[in-house]
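Worksheet: the structure to be examined is printed underneath.
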Amino acid sequence: VLGVEKTTSNIKANTHIAIDGDEGKVYVSPDSHTIEEKAEKIEHINEAKAVFIRELDLPAVTTDGHEIKIASNIELPDEVKLMQKYNSQGIGLFRTELLYMAGKEFPQEDLQTMIYSKVIRQCRGEQVIIRTFDIGGDKFSDSFEHHLEPNPFLGWRAIRIGIDYPHLLNTLIIAILLSVAVGPCSIMFPMVSSITDIQFAKSIVDQAITELQNENAVFDPNVPVGIMIEVPAAAIIADRIAPYVDFMSIGTNDLIQYTMAADRGNEKVAKWYRTYHPAHLELIKRTIDAGHLHGIWVGMCGGMASKLLAIPFLIGLGIDELSVNPSQIPLVKAIVRRVSFTDARTIAEKSMLLPTHEQVEDYLRHEAERLLPETALNFI
Ligand code: PEP
Ligand code: MG
């Protein structure tokens, strides 16, 4: 729930609150009626989910055999337990910035190596994609001098901080490289907007590899390097970017805000923040097509990847991986298992022809109602 003004200053410690993420509401000191209503809602959701949880051991394939990888987005190492519970196929996005935001000091290399190695080991051979820190925008760190910026989301954020302070990225990359020894792991860079950014990122990786080789460290230098596609500039030139990377993962949370010029955390412009806007859909299609043209896989780790209406559309565009919050895996898998690739392709093609986001959303809802069982529709 974002954009609830003055929440942190108005709500005192030890106050009871209820949060309804579907409604986007926070209830402060909820009355008994609200508590009862929310408890019923939780029960209702859990009942519907129970149906899908039974399918967790089954593969994430469409009815006609097209496979989609379903991975997890995590921020804390403890979340690995939850993803295991839901049979996640590894981690599609490990947000490292919390480590940087937790203390007054930057996390040292050995602490980072310990954390990443533990997570990778727990993933037992499944791919773990570690994203380099995305500090800035709405994520601040005490361990970091931060300038007040008039437009933080258009400002000094993520890889841009790494470009100005390469030693910070170097520590993180060395920690990742040393952790690769325990299992498969990839590096992902956020907020990339040009090939120049990618060349910088890769030079940091190459430099870290050389340093470790000089120290005779045990590690695999062939670690895949990918980027997030979350800046429209990168999506538009995805065909030129793809040859430089091993994979691309679409970050719709940011891609929408930058495409629509609507701050993702500002309630006042929430109605301009449109997942199904044709411009956003074009950028997604462009990215997937570009990746496939150059023989690399394309995933999605933004919130759109777990939207019931969006999943058949994304499958139809050819998305290879959906990375979602672990608790959403049962629903995402259930949807994948209930559509055919043939239907999904038609859905994607038809959606791409519609001129407004309302028409896309109405059409996708209509298709979801036609294709999916009632239990799934509770989650629209
Ligand atoms: C995104 O932008 O979609 C994303 C997954 O990254 P974050 O939400 O951390 O910015
Ligand atoms: Mg992002």
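Residues considered: 79, 105, 43. Of these, the only one that is touching a helix residue (DSSP H, G or I) at 6+ places or on another chain (Cβ under 8 Å) and either over 30 Å from residue 170 (Cα atoms) or more than 16 Å from ligand 2 (Cβ to nearest atom) (or both) is 79. Considering only residues in region 299-310 that are of a type outside the set (Gly, Ala, Ser) and within 16 Å of ligand 1 (Cβ to nearest atom), the one that is surrounded by the fewest Cβ atoms within 10 Å (Cβ to Cβ) turns out to be 307.
Need pairs with beta-carbon distance below 6 Å; first residue closer than 15 Å to residue 271 by Cβ and within region 344-361, second surrounded by fewer than 17 Cβ atoms within 10 Å (Cβ to Cβ); sequence gap 6+ or separate chains. Filtered contacts from region 344-361: no entries. Screening region 137-242 for helices (runs of 4 or more DSSP H) wholly inside it with 1 or more residues that are touching a Pro at 6+ places or on another chain (Cβ under 7 Å) returns the ranges 159-164, 195-214. Just one of (1) within 16 Å of ligand 2 (Cβ to nearest atom); (2) touching a Ser or Thr at 6+ places or on another chain (Cβ under 7 Å) fails for residue 178. It is (1).
Is it fair to say residue 130 is within 16 Å of ligand 2 (Cβ to nearest atom), of a type in the set (Val, Ile, Thr) and not in a helix (DSSP H, G or I)? Before the answer, list the steps.
Numbers: within 16 Å of ligand 2 (Cβ to nearest atom): yes; of a type in the set (Val, Ile, Thr): yes; not in a helix (DSSP H, G or I): yes.
So residue 130 passes the test.
Looking only at residues of region 251-281 that are free of Cβ contacts under 8 Å to residues at least 60 places away in the same chain and not in a helix (DSSP H, G or I), we find that the one that is farthest from residue 195 (Cα to Cα) is 273. Scanning region 240-263 for residues that are crowded, with 20+ Cβ neighbours inside 10 Å and within 12 Å of ligand 1 (Cβ to nearest atom) yields 249, 250, 251, 252, 254, 255, 256, 257, 258, 259. Are there any pairs with C-beta distances below 8 angstrom linking a residue in region 116-137 that is closer than 20 Å to residue 258 by Cα to a residue that is acidic (Asp, Glu) and modelled with pLDDT under 95, with the two at least 6 apart or on different chains, and if so which? That search, which allows pairs on different chains as well, returns 133/97; 134/97; 135/97.
The residues of region 282-294 that are of a type outside the set (Asp, Glu) and in contact (Cβ under 8 Å) with a residue 60 or more places away in the chain amount to a single one, 285.
Looking across region 49-80 at every residue that is under 13 Å from residue 327 (Cα atoms) and at pLDDT below 95, the one that is surrounded by the fewest Cβ atoms within 10 Å (Cβ to Cβ) is identified as 50. Restricting attention to region 266-277, the residues that are of a type outside the set (Asp, Glu) and either surrounded by fewer than 17 Cβ atoms within 10 Å (Cβ to Cβ) or on the phi > 0 side of the Ramachandran plot (or both) total 6.
Which of the residues belonging to region 162-200 are within 16 Å of ligand 1 (Cβ to nearest atom) and at pLDDT 95 or above? Spell out how you get there, then give the answer.
Narrowing region 162-200 to residues within 16 Å of ligand 1 (Cβ to nearest atom): 162, 172, 186-193, 197.
Scanning region 162-200 gives 172, 186, 187, 188, 189, 190, 191, 192, 193, 197.
The values are calculated or read from the model by the stated rules, or taken from the named source; none is laboratory data. Quantities reported herein were computed from a predicted structural model and do not represent experimental measurements. So basically every Cβ, Gly included, is an ideal-geometry build from the backbone, and we count neighbours across all protein chains shown.
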